[in-house]
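Computed from the coordinates by the stated procedures, all read-outs in this text should not be read as laboratory data. What you see is a predicted model, and the numbers here were worked out from it, not measured in a lab. Here the Cβ positions follow ideal geometry from the backbone for every residue, glycine too, while neighbour counts run over all protein chains shown.
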Ligand SMILES: Nc1ncnc2c1ncn2[C@@H]1O[C@H](COP(=O)(O)OP(=O)(O)OP(=O)(O)O)[C@@H](O)[C@H]1O
Ligand SMILES: [Mg+2]
């Protein structure tokens, strides 16, 4: 088997790539194919009518098809010997009508099947997206972008193939086999029994290949996701790749995943390549036997020539569904593997969700309390330990501490990006877990460390803060955030494109846009995770001025890298390895000469001059 070749250089590269990118957990085959099928069918139960109509059209088509060999038998055994021209004309007319009807049913069958399968794609895509959108950040941390996109696109496509690719046709094929079997019994029962002898062998062979295929198709779908994964990572990381001249390495990584995909596909092809000719051979042997013995029956006068011709046409049609079944089995197994992967996502339960009867908070005052909050991303490794904070409405809380001390984690708990393992957080006295997520998050605006802008215009990016804002309100917010002045200089102004993630404008500009977004939202609680200040002094002064204006009258948590922010804070919390080790005001903390004092000298002292100058 191709996938089982010895470890060559390619295999080693593959191993390395897997290790490097940590491609996430693989799905194991768990559910039985029947359970999967039932669940899959339940998703299109609203389209039962269409599926039924498709089935009806198909059955009608085959019923019409079944009349053809009878017509031949009649022509050979009766019309020709009796030179019955009149009868021939009638048979001709009947055949024409039959073909016309077959055309109509053929149209109907294709239409209804396409309708149902397109609906399936539409529905599952929608349901899957709506579901994963509700999932918590942890889900996105565990699953890579490429994997998620792959399940929404490739896997759903594979499910569609199962319906389009003739599953219903194969089902009808089974019915046909039964009908043809009965007709063959009527024509010549001994020959029919001979044919039936080959059936168990055929069923065994197709069963064998089915079992092998499902497992392999799961690998195929996974490999396709891996390719997607490397692709999405490469495209978003292209700047880094180019900067480090690592295009060659990236190419190698991509090519090794791509080869993995090829190998996985070839391993299914090899099963098909063995199974299909074997089945054809068995049916060919059956046909040869029928012709040989049938001819002997003609010599014997126990069968007419017409009957043998008819029998043979039925026989061909009897074997046809078996070949179809094997082909369909292929797409069906792929679809089941895909369904397994899709259901795995659909079964994910959000870590953070609304409690039944969650309270809708209208407009908060902005009093925030943390009581004994402990949080860990991974069990046994607390990142925030027993945090207690009491914030009055409108206060500014500055969080300082070394990198990795837990500052971002601290603020991420307020909008419930994660829930703490113990302790509680309250907003205006309500445990935030008792509030509906939407009403809680409506009170907050978060300006995150890594500013992200959507691939849209400046205006739309700002309006993201409040979708019903007017253009004037958007521009007023931009002015407050000192974004207006640079936006106006752009050739298209507010209608200028930001680029994917905001790459077309500078980092300081992105920050100001996201500030404007937060201002427009007019939140009660503002969370600012300042990016390490690497913007130029002039921009810094502008952002600082904007920040001060935005913080006015709101409860603000700010992870501060700027001395001026820290100095004016009502409370400074010093975090160290997840613990609040000191708290107080700037002057108070400096005078105690503890952790803040040390941090101040390491981080802020150099800013004294520039801030004073600004
Ligand atoms: N999503 C996550 N999953 C697991 N661990 C995480 C996750 N995010 C952060 N951590 C870990 O939690 C700790 C605190 O991280 P956090 O981002 O809160 O630090 P920080 O104080 O904001 O640092 P910085 O100043 O560099 O932004 C770090 O050890 C980090 O590795
Ligand atoms: Mg941080």
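Values for this structure:
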quantity	calculated
Cβ-Cβ FRET estimate between residue 506 and residue 266, R0 fixed at 60 Å, reported to 0.05	0.80
Residue-span extension gain [residue 46 to residue 402] - 0.36 nm each, minus C-alpha spacing	122.5 nm
Computed lengthening from residue 488 to residue 570, 0.36 nm per intervening residue step minus Cα-Cα distance	26.0 nm
Two-site label geometry, residue 64 and residue 153: point separation in nm, points 7 Å out along Cα→Cβ	4.0
Nitroxide proxy distance, nm - points 7 Å out along Cα→Cβ at residue 472 and residue 90	8.7
Additional length obtainable on full extension of the chain from residue 359 to residue 251, 0.36 nm per residue less Cα span	33.7 nm
Sorted by Cβ density within 10 Å, fewest first, the residues 168, 163, 385	385, 168, 163
Where labels lie 7 Å past Cα in the beta-carbon direction, separation of residue 448 and residue 140 in nm	0.5
The stretch 71-88 and the stretch 168-225: distance between their alpha carbon centers, rounded to Å	35
Among beta bridges that DSSP assigns inside the chain, antiparallel share in %, nearest 5	50
Mean ellipticity per residue at 222 nm, deg cm²/dmol - from DSSP H runs of n ≥ 4 across the chain, formula -39500 (n - 2.57)	-20500 deg cm²/dmol
Using distinct alpha-carbon pairs, which all enter the 1/r mean, Kirkwood radius of the chain in Å	30.2
